[in-house]
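Peer 1: One structure, pasted below without further comment.
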Amino acid sequence: MEVEGGVAVKGVFMAVVGPSGAGKDSIMRAAASAFTNDDTVHFARRIVTRASNADEDHDSVSKAEFASLVESGALALNWKAHGLSYGLPASIHNKLAIGHMVIANTSRAIAAEIKTIFPKCIIVHITASEDILQQRLMARGREAVTDWKLRIARSNALEHEFATDIKIENNGELEEAVTRFVASVRALKSVASNIDA
């Protein structure tokens with residue numbers, strides 16, 4: 001039995017990573033509907049110092065509120081990216097301790113740290129071709145051209161800096177990537193159940 005912070009951990013933490021524009025949130029949002037009736041699979045909501053929008057569903061807090069959450073130990077994981085602070089609630093540790101699976105959109109930049117914090121962790125890398133990423137970032141219209149070009153350059157630089165357990169290319173129809181994602185979750189649940197049995 002693996003131990004996390006002195007507590008026996010049965011559940012698997014699935015860390016979803018990938019570049020901006022790869023479709024992580026879209027895939028996870030669609031995949032969540034496949035597990036609506038499964039109370040052992042949880043899609044964790046991120047806490048972000050940015051207002052929520054149609055593309056990215058999360059709990060919004062101010063910078064001061066976020067700092068308070070970090071200081072009080074209310075976050076299981078926190079990181080910074082693109083001038084924003086991101087975090088996951090400490091409550092996910094409770095779900096993992098009782099054998100549930102937790103799935104969360106995280107960051108490639110802290111993949112090594114994630115593996116340290118969550119011993120039973122699977123890194124799922126969702127990505128797309130550079131052309132597709134560029135098209136999606138332009139369509140999103142949230143960043144200036146120079147900003148999304150920097151994001152793509154940063155993505156290329158990070159590509160070989162972390163170990164990937166599962167890689168999903170999201171270049172085609174969203175349904176194809178969702179199907180692969182859901183199949184990966186179900187396969188991991190099955191393997192984890194057999195190991196813990």
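The values are calculated or read from the model by the stated rules, or taken from the named source; none is laboratory data. Note that this is a predicted model, so its numbers are computed, not measured. Glycine also receives a Cβ, built like all others from the backbone with ideal geometry; neighbour counts cover every protein chain displayed. Keep in mind that these areas ignore ligands, DNA and RNA; they rest on the heavy atoms of the full protein, side chains included. Shrake-Rupley method; radii C 1.70, N 1.55, O 1.52, S 1.80 Å.
Peer 1: Examine the stretch 79-86 for a residue that is surrounded by 19 or more Cβ atoms within 10 Å (Cβ to Cβ) and either under 15 Å from the mean Cα position of the chain (by Cα) or at pLDDT 85 or above (or both), and state whether such a residue exists.
Peer 2: Yes, the conditions are met somewhere in the stretch 79-86.
Peer 1: Which condition breaks for N37 when tested against (1) open to solvent by 70 Å² or more (accessible area, probe 1.4 Å); (2) part of a helix (DSSP H, G or I)?
Peer 2: Here N37 meets the rest and fails (2).
Peer 1: Any idea which of G18, G73, G99 is open to solvent by less than 60 Å² (accessible area, probe 1.4 Å) and at pLDDT 95 or above?
Peer 2: After ruling out the rest, the residue left standing is G73.
Peer 1: Additional query: Taking only pairs six or more apart or across chains, which ones have beta-carbon atoms under 9 Å, a first residue in the stretch 17-28 that is over 12 Å from T106 (Cα atoms), and a second residue that is assigned to a loop (DSSP other than H, G, I, E, B) and of a type in the set (S, T, N, Q)?
Peer 2: Listed by first residue and then by second, the contacts come to A22/N170; G23/N170; S26/N170; I27/N170.
Peer 1: Give the number of residues within the stretch 62-110 that are of a type in the set (A, V, I, L, M, F, W, C) and farther than 21 Å from V191 by Cβ.
Peer 2: 16
Peer 1: Restrict the check to the stretch 149-169 and report whether at least one residue is in a helix (DSSP H, G or I), hydroxyl-bearing (S, T, Y) and at pLDDT below 85.
Peer 2: yes
Peer 1: Next up: For the stretch 176-187, enumerate the residues that are over 18 Å from N37 (Cβ atoms) and touching a residue at least 24 places away in the same chain (Cβ under 8 Å).
Peer 2: Across the stretch 176-187, the qualifying residues are A177, S184.
Peer 1: Looking at this structure, is G5 surrounded by fewer than 21 Cβ atoms within 10 Å (Cβ to Cβ), at pLDDT 95 or above, under 23 Å from T116 (Cβ atoms) and among the small types (G, A, S)?
Peer 2: no
Peer 1: Here's something else I'd like to know. Looking at I132, I103, I122, I110 in this structure, which one is touching a residue at least 60 places away in the same chain (Cβ under 8 Å), closer than 21 Å to I166 by Cα and assigned to a helix (DSSP H, G or I)?
Peer 2: Being touching a residue at least 60 places away in the same chain (Cβ under 8 Å), closer than 21 Å to I166 by Cα and assigned to a helix (DSSP H, G or I) holds for just one of I132, I103, I122, I110, which is I132.
Peer 1: Inside the stretch 41-52, can you point out the residues that are modelled with pLDDT under 95 and open to solvent by 30 Å² or more (accessible area, probe 1.4 Å)?
Peer 2: R45, R50, A51, S52, listed by residue number.
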